[in-house]
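What follows is a set of notes on a single structure, which appears directly below.
The values are calculated or read from the model by the stated rules, or taken from the named source; none is laboratory data. Quick caveat, the model's predicted, so the values are computed rather than measured. Every residue, glycine as well, gets a Cβ built from its backbone with ideal geometry; the counts of neighbours run over all protein chains shown. We work out accessible area using only protein heavy atoms, side chains counted, and drop any ligands, DNA or RNA first. Shrake-Rupley method; radii C 1.70, N 1.55, O 1.52, S 1.80 Å.
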Amino acid sequence: MGQQRSVIYMDHAATSWPKPAAVQEAIVKAMLEEGANPGRGGHQMAVQAGKRLMRARMALAKLFGVANPTDIAFTLNATMALNMAIHGYVREGDHVVATAVEHNSVRRPLEWLNIHRNVRVTYVDTDAYGNLNLDQLQAAVTKQTRLVVCNHSSNLLGSILPIEEIAMIAHKKGAKLLVDGAQSAGLLPIDVRKMGIDMLAFPGHKGLLGPTGTGGLYIDPELDVQPIIQGGTGSHSEEPLQPTTRPDRYEAGTPNTMGIAGLEAGVNTVLHETVEKLYNKEWALAQRLMAGLQSIDTLHVLGPQLGEPRTGIVSFISSTMDSAEFAFRLDREYGVAVRAGYHCTPLAHQAAGTIATGAVRVSLGWNTTDDEIDTVIAAIQNITEHSIRQESEH
């Protein structure tokens, strides 16, 4: 599943790269053979494009334990899916509970609703490692709570939240659970029915190995979520209002057919490799990286400790160099692509105690190798030693 590449790519938490060959081929095939508008015509090309979308929906349903594939609506990304869920379900004056490690794709819609729709928002604390305080969560969720929102895994810390326990707490008080699967889809086991997930937002371009501009939202069939975008669906065109039929209700406008073709190929790759195998590989690589970084005295590694469950996200701060400069030097001097800064999650940085400094995030993926991990550790070691020498000379 690999290919030669000159850059050492360690930014898979932002988007996976390179995409598997099957994904690239599926996009080109769809562009050449199925380039018509699905559902907007009875001719063969339009029909084939429509079938392509359904096959992708079925693959996703298999991966996520979804009973009916039409309960999955395609979106451009996880951010769009989260906005659809939050704005489509939360009403004026409602109460929402979220965690202290949420991405801005959750926080900003909630803060907007707080200001403009009088929605009360409670953020439940985690410790510096990303572990959620379940007692505090239980106290925060009341009979007035309409929605609980949480990420499955932090995009800064790599920590993994106990979704089943969170679902039980939410459901006991009559609230629904929305899970942000941005860092877990394709890497952690997800079964929406067994885990009690009422809505699941996911990107297509990260762990699912598809192209950018793809993603989706699973909505429980019993849940009434209002569409936030209305328009042409290719069905019920004679009616003045958005149809209630799924997935048409949530998919107004022409879809990203070529992108979804690539997404289908990516999901099939994950299904073939298995989530368990992909996670075990990524976890072992993360342990290797953490051990190397922790041997450098001037670095502090964030998130769960060695040996504990985590995704392949390993963030660190340096006592000798600014995070942005560290990432810049890794890129320009060693060809290592990482991300520095706040990672669109200031809440998680507050929890980790790094809001003043940001952090360097090294995120592994499906094609990362042991040799690449060792090269990255050596590069970080070299940059650190050079920085210490410069400091001592001054």
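Between the listed residues GLN183, THR368, ALA284, the Cα displaced farthest toward the positive end of the dipole of the chain, a dipole computed from Cβ unit charges relative to the Cα centre, is found at GLN183.
Structural descriptor for the chain: relative contact order 23 percent, calculated from alpha carbon pairs under 8 angstrom and at least 6 residues apart. Here the accessible area of segment 143-215 is 52 percent carbon and sulfur, with a 1.4 angstrom probe and all protein chains present. Remark: the Cα gyration tensor places segment 107-241 in the oblate category, a/c being 1.5 or greater and a/b not exceeding b/c. When DSSP beta bridges are restricted to pairs lying wholly in segment 123-221, around 45% turn out antiparallel.
For segment 186-236, the relative contact order works out to 27 percent when only alpha carbon pairs closer than 8 Å and six or more residues apart are counted.
For the chain, the residue among VAL124, ASN104, MET195 whose Cα projects farthest onto the positive side of the dipole built from Cβ charges is MET195.
Surface exposure of the chain, expressed per residue as accessible area with a 1.4 Å probe, stands at 42 Å².
Highest mean packing comes first when the peptides 346-355, 376-385 are listed by Cβ atoms within 10 Å, giving 346-355, 376-385. Note on the chain: antiparallel DSSP beta bridges, both residues inside, total approximately 50 percent of the bridges counted. Peptides 212-223, 72-83, 258-269, 166-177 ranked from most to least packed give 258-269, 72-83, 212-223, 166-177, packing being the mean of other C-beta atoms within 10 angstrom over each peptide's residues. Mean separation of Cα pairs under 8 Å and 6 or more residues apart, divided by the residue count, gives segment 199-302 a relative contact order of 25 percent. Over the residues of the chain, the helix contribution to mean residue ellipticity at 222 nm works out to -13000 deg cm²/dmol, using -39500 (n - 2.57) for each DSSP H run of at least 4. When each of the peptides 134-145, 320-331, 191-202 is scored by the mean number of other C-beta atoms lying within 10 Å of its residues, the order from highest to lowest reads 191-202, 320-331, 134-145.
Computed from Cα atoms, the angle from the helix 275-294 axis to the main principal axis of the chain rounds to 30 degrees.
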